[in-house]
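Beneath this line is the structure, given in structure tokens, with notes to follow.
The values are calculated or read from the model by the stated rules, or taken from the named source; none is laboratory data. Note that the structure is predicted; figures quoted are calculated from it, not measured. Positions of Cβ are generated from backbone atoms using ideal geometry, with glycine treated the same way; all protein chains shown enter the neighbour counts. The area values use the complete protein model at the heavy-atom level, side chains included, leaving out ligands, DNA and RNA. Shrake-Rupley method; radii C 1.70, N 1.55, O 1.52, S 1.80 Å.
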Amino acid sequence: MKILLTLRQPLYPADTGGKVRSLNIFSRLAKRASIHAVSFADPAADSASIRHMQGLFDGYTAVPWQETKKYSFTFYKELLTNQFCALPYFLEKCCLPRFRSTVKDLLAREHFDLLFCDFLHTAAPLIECTFRPKIVFEHNVEFQLRKRKWQIEKHPLRKIVFGAEWKKTRPLEAQVCRSFEHVLTVSEEDRQTIRQEFGVDHISALPTGVDTDFFCPSGNQSVPGRMVFVGSMDWDPNEDGILWFLESVYPLIRQAAPHASFVVVGRNPSSRLKAVASKTPGMELTGWVPDVRPYLSQAEVVVVPLRVGGGTRIKIPEAMAMAKAVVSTPIGAEGLPFQDGRQLLLTEQPEGFASKLIEVLKKPALRKAIENAARREVVANHGWEAVVDKVEGVVDRVVSNGKKPVAKEVVSHPALVTP
């Protein structure tokens with residue numbers, strides 16, 4: 001079996017949930033099949049990552065690009081210009097002729113059994129690609145994620161941008177899901193959403209995995225009152241959730257537990273979040289760290305205060321594998337098969353969120369019961385090898401079904417037609 005795998009970026013360092021999931025799946029799949037990977041990469045900034053990728057797969061091709069830094073002047077300029085484009089901004093950046101031509105040349109030069117596109121970001125540019133069969137791995141239902149941002153956004157300009165993004169994304173995402181031979185999602189909820197929204201049935205849901213040998217109880221004593229959040233802070237839903245938590249929940253906790261502290265672990269916090277954090281007692285922003293485990297080991301409770309999301313939060317099973325109690329919003333734990341009140345705690349409103357956290361901080365026996373149940377569950381049912389077994393089964397089935405297209409006719413999105 002030979003697979004051409006398209007990725008948005010190198011998988012090293014694995015500093016986002018999506019990269020962690022992709023690295024764990026595709027590194028293991030590469031031991032069962034021959035994989036040639038293609039991704040965007042900055043030849044200078046990503047030089048070490050490129051070397052890692054070359055060692056991971058049988059073949060690797062980097063498509064040169066330099067991604068605009070988020071919140072920079074150029075970023076806002078591009079975002080403004082994109083309001084007059086048919087493609088959403090996050091996909092316009094990826095729909096580059098040199099990416100399409102690189103994939104096309106590889107398909108013409110070598111024999112491949114399957115084209116596997118990781119994220120909508122690499123599938124959308126290849127809608128016109130006539131190679132069959134094709135699989136798209138949807139880590140999020142992208143239009144739904146952006147629609148949720150739009151629904152809660154209060155700032156008028158950001159609301160306009162989010163509204164345009166989800167409305168542009170939905171028809172394009174539908175076209176990809178209908179025209180590819182198979183769609184993979186990260187939860188049963190996402191599978192049902194794609195089936196209902198786009199009218200397709202060739203979908204499989206993958207469970208969320210965790211490396212329970214890497215993420216395991218450290219034996220170190222936790223810091224009394226310590227709450228920890230782990231996640232990339234340049235992902236809008238994470239920043240929104242943390243700002244909501246700091247404004248509406250954290251003050252209630254500090255009133256009941258003055259010794260409580262809060263550490264946010266994740267790359268690229270914005271200037272807005274840094275300003276809020278500097279005025280918040282007992283709070284620390286770490287920025288990027290090489291290993292999140294020392295910070296998780298210090299936590300008495302891990303918080304996931306998301307109001308917007310898509311896919312599944314891989315940081316929840318990682319925290320559970322380290323035997324940490326997790327308190328999350330329902331959106332934060334969406335798509336994960338864990339039992340509220342047993343393996344984690346779910347709550348939504350500020351008062352309820354604060355109450356649950358205070359209870360866990362003040363009741364060691366309750367905290368210990370949740371920690372033990374969480375660790376047992378992920379060890380028993382959420383190893384990565386089981387996830388890759390399912391991926392391999394889907395790949396074998398799709399390839400064996402031949403190269404006939406799913407749709408009788410595919411009408412390309414106007415913005416993606418190659419001139």
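Quick check on region 232-291: of everything there that is among the aromatic types (Phe, Trp, Tyr) and within 23 Å of PRO13 (Cβ to Cβ), which residue is most open to solvent (accessible area, probe 1.4 Å)? Talk me through it step by step, then tell me what you get.
Let us first name the residues in region 232-291 that are among the aromatic types (Phe, Trp, Tyr), namely 235, 244-245, 250, 262, 288.
Retained after the next criterion (residues that are within 23 Å of PRO13 (Cβ to Cβ)): 235, 288.
Values: TRP235: 77, TRP288: 138 Å².
In this case the residue turns out to be TRP288.
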statement: The residue from ALA164, ALA174, ALA123 that alone is touching a residue at least 12 places away in the same chain (Cβ under 8 Å), in a helix (DSSP H, G or I), open to solvent by 20 Å² or more (accessible area, probe 1.4 Å) and small (Gly, Ala, Ser) is ALA164
message: Taking the conditions exactly as written (within 23 Å of ILE358 (Cβ to Cβ) and aromatic (Phe, Trp, Tyr)), does TRP244 satisfy them or not?
response: yes
query: Do you know which residues across region 177-210 are over 18 Å from VAL394 (Cα atoms), out of contact with any Gly (no Cβ under 8 Å at 6 or more places or on another chain) and open to solvent by 30 Å² or more (accessible area, probe 1.4 Å)?
result: GLN196, GLU197, GLY199
field: Long-range neighbours under 7 Å by Cβ, at least six apart or interchain, first residue within 14 Å of SER49 (Cα to Cα) and open to solvent by 20 Å² or more (accessible area, probe 1.4 Å) within region 12-23, second modelled with pLDDT of 90 or more and not in a helix (DSSP H, G or I)
entry: ASP15/SER232; ASP15/ARG267; ASP15/TRP288; LEU23/LEU11; LEU23/ALA14
Search result, residues across region 153-192 that are of a type in the set (A, V, I, L, M) and under 20 Å from the mean Cα position of the chain (by Cα): LEU172, ALA174, VAL176, VAL183, LEU184, VAL186
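Among residues belonging to region 246-294 that are assigned to a loop (DSSP other than H, G, I, E, B) and among the polar types (S, T, N, Q), point out the one that is nearest to PHE215 (Cα to Cα). Spell out the reasoning first.
Initial filter on region 246-294 (assigned to a loop (DSSP other than H, G, I, E, B)): 257-260, 266-270, 279-282, 288-292.
Next cut, among the polar types (S, T, N, Q) only: 268, 270, 280.
Numbers: ASN268: 23, SER270: 28, THR280: 30 Å.
Once the filter is applied, the top-ranked residue is ASN268.
Every residue, every condition in (1) touching a helix residue (DSSP H, G or I) at 6+ places or on another chain (Cβ under 7 Å); (2) loosely packed, with under 14 Cβ neighbours inside 10 Å, yes or no:
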residue: LEU4; (1), (2): yes, no
residue: ALA44; (1), (2): no, yes
residue: PHE57; (1), (2): no, no
residue: GLU67; (1), (2): no, no
- prompt: Is one or more of the residues making up region 270-290 without any contact (Cβ under 8 Å) to a residue 60 or more places away in the chain, within 25 Å of LYS69 (Cβ to Cβ) and acidic (Asp, Glu)?
  reply: yes
field: Filter result (in a helix (DSSP H, G or I), of a type outside the set (S, T, N, Q) and open to solvent by 60 Å² or more (accessible area, probe 1.4 Å)) within region 387-403
entry: ASP389, LYS390, ASP396, ARG397
task: Mind listing whichever residues of region 108-120 are open to solvent by less than 30 Å² (accessible area, probe 1.4 Å) and over 21 Å from ARG146 (Cβ atoms)?
output: PHE112, LEU114, LEU115, PHE116
